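One structure is given here, and the rest of the page talks about it.
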Amino acid sequence: MNPAPDAATGRPLRRGSRALLLVAAGACAACALVYELALIALGGVLIGSTVTQTSLVISTFVFSLGVGALAAKPLLGRPLGAFVAVETGVALVGGFSVLLCYASFAYTGVYTPAVVVVSFVCGLLVGAELPLLMELLQRIRRQAAARAVADLTAADYVGALVGGLSFPFLLLPLLGQLRGALAAGLVNLACAALIVLVVFGADLDRRRRLGAAAVLVAATVVTALGLAYAGRFEVSARQQLYDDPIVHSERSAYQEIDLTESLTFGGAADVRLFLNGDLQLSSRDEHRYHEALVHPAIAAARDRAGGGTDAGLRVLVLGGGDGMAVREALRHDDVARIDLVDLDPAVVRLARTDPRLRRMNRGSLDDRRVHVTTTDAFGWVRDRPGSTPVDERYDAIVVDFPDPDDQGLARLYSAELYGMLRARLLAPGGVMVVQSGSPYFAPDAFWSVGETLRLAGWTGRPYHVDVPTFGDWGFWLAGAGAGDPPAPGVGDPVPEGLRFVDRDVLRAATVFPRDRGPRDVDPTTLDRPRILDYTRRGWSDY
């Protein structure tokens, strides 16, 4: 049975045109979801607050969908021309959305207003798509409104599924956020060409076909140029975030990894590692941080074991894929085994192969005593059985995670993780040290770590040292159960090669000034990640 002629022109449409329109509608919905997810991912990288960015983008986008649907009413009389204009706008605004927001953040320091405006404009245009597609669908074959809505929304939802799966599993790993959004823009333009020039091409006179084709070709050229030059833009914009030249940059499956190097510090190179734009270490003073983090835990573990064990000490390092904490642990001759668990294999690979980092960590990750596992630390700990034999547990546990500035990191500071470490992996008399942020810049977050340890069955002692790159930086050294907490020390004999910590430094490190002493704060759990709010609130003042 041939399809009915077009209601406006009386011209017959080719077979399968309705199916083609529904497929194109689904592809447009997929692109719209890609734009949303790309903006959410970008906010998580630049700002760090995944939940906030998700809520901000989705709520703005959904609200503007409704505004766009209302705004499309006057356009329904000329749906083909309006669809070309709307789809071109969607492709350009959505395709360049990540680039625009990234540029605003890098060059002006303004992000949240930019992402709100871009999300609103993109949602406004996407919201106008559905009424126009509905009108075009009805022009192919008139049917009851409810049936037409069912067909179009089914295509829309299937497209959303495709877009939702394509972004994390295809576009992000292969193209990244910038190029992934631009690639979706090209798909939008292809959908517009399919609907206007193929499905409804016979209903347009030559002038209108050429006009529509010219608009779509021009938008395609602009988007393709954006795709071609996205790499150069990204390097330029990323460099704006750092004071020193970038010498290595990559996007792993988990984060942005950047190395910078400068020769401005007394003629010596200052190498800095950044993850998602957050400074992790500086070669000028990372030894202060890592010496203060590692040696008190190993010394306390040795003391509690009565001078060590016959088999040697076992050390677990969670995080620390750069190899610096492992380097410090290897200074102790009685350390028999070190297990390192870090999320990102790209960081571990860089630490092993980059000559700057390898020079700093002294090739520690290739030492025969070191065993590296690249996986999520929380899941790795959770999968350890509670019946782990004593000789496979750890005398010293070093927790070296980045500051908890997003939901994923906040769970690594939870009572649940600390409780599992104590119950499943700690040897009798063992100790744990936790990097806990700055007691000066984020005091509530720092003291919340102590409350969280207490809730998880640990007894902890805080201490802090001066790391010029970071400022006043703190740690918690904890033992299981009640009793006196372990005291920070360097052990006997003192490891060779220490440049910063000694007994006097660590004795002074346990003293806190009156304006940065203990605070009335709450612990962090998986259900209530309070340390996330404490961290943001503390650092927002600086």
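The values are calculated or read from the model by the stated rules, or taken from the named source; none is laboratory data. Please read all numbers here as calculations on a predicted model, not as lab measurements. With ideal geometry, Cβ positions are generated from the backbone for all residues, glycine too; neighbour counts draw on all protein chains shown.
With respect to Leu293, determine if the residue is over 23 Å from Asp472 (Cβ atoms), at pLDDT 95 or above and touching a strand residue (DSSP E or B) at 6+ places or on another chain (Cβ under 9 Å). When the stated conditions are applied, Leu293 does not pass them.
Strands (runs of 3 or more DSSP E) fully within the stretch 372-472 that include at least 2 residues being in the same structural domain as Pro488 (by TED's automatic domain parsing) and without any contact (Cβ under 8 Å) to a residue 60 or more places away in the chain: 426-435, 458-467. Within the stretch 428-464, the set of residues being among the β-branched types (Val, Ile, Thr) and crowded, with 21+ Cβ neighbours inside 10 Å comprises Val431, Val433, Val434, Val449, Thr452. Residues considered: Arg349, Arg337. Of these, the only one that is in a helix (DSSP H, G or I), surrounded by fewer than 20 Cβ atoms within 10 Å (Cβ to Cβ) and among the basic types (Lys, Arg) is Arg349. When restricted to residues that are touching a Lys or Arg at 6+ places or on another chain (Cβ under 9 Å) and surrounded by 14 or more Cβ atoms within 10 Å (Cβ to Cβ), the stretch 483-509 contains 12.
Before we move on, is Ile257 closer than 25 Å to Val434 by Cβ, touching a His at 6+ places or on another chain (Cβ under 6 Å) and either of a type outside the set (Lys, Arg) or outside any loop (DSSP other than H, G, I, E, B) (or both)? Taking the combined requirement at face value, the residue does not satisfy it.
Selection over the stretch 157-207 of residues that are assigned to a loop (DSSP other than H, G, I, E, B) and of a type in the set (Val, Ile, Thr) gives a count of 0.
Here the stretch 45-85 is the region considered, the condition is being closer than 15 Å to Pro113 by Cα, touching an Asp or Glu at 6+ places or on another chain (Cβ under 9 Å) and at pLDDT 90 or above, and the residue that is surrounded by the fewest Cβ atoms within 10 Å (Cβ to Cβ) is Ile58.
For (1) farther than 21 Å from Ala41 by Cα; (2) surrounded by fewer than 15 Cβ atoms within 10 Å (Cβ to Cβ); (3) under 16 Å from the mean Cα position of the chain (by Cα), each residue gets a yes or a no:
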{"position": "Ala230", "(1), (2), (3)": "no, no, no"}
{"position": "Gln239", "(1), (2), (3)": "no, no, no"}
{"position": "Ile246", "(1), (2), (3)": "yes, no, no"}
{"position": "Ser252", "(1), (2), (3)": "no, no, yes"}
{"position": "Glu261", "(1), (2), (3)": "yes, no, no"}
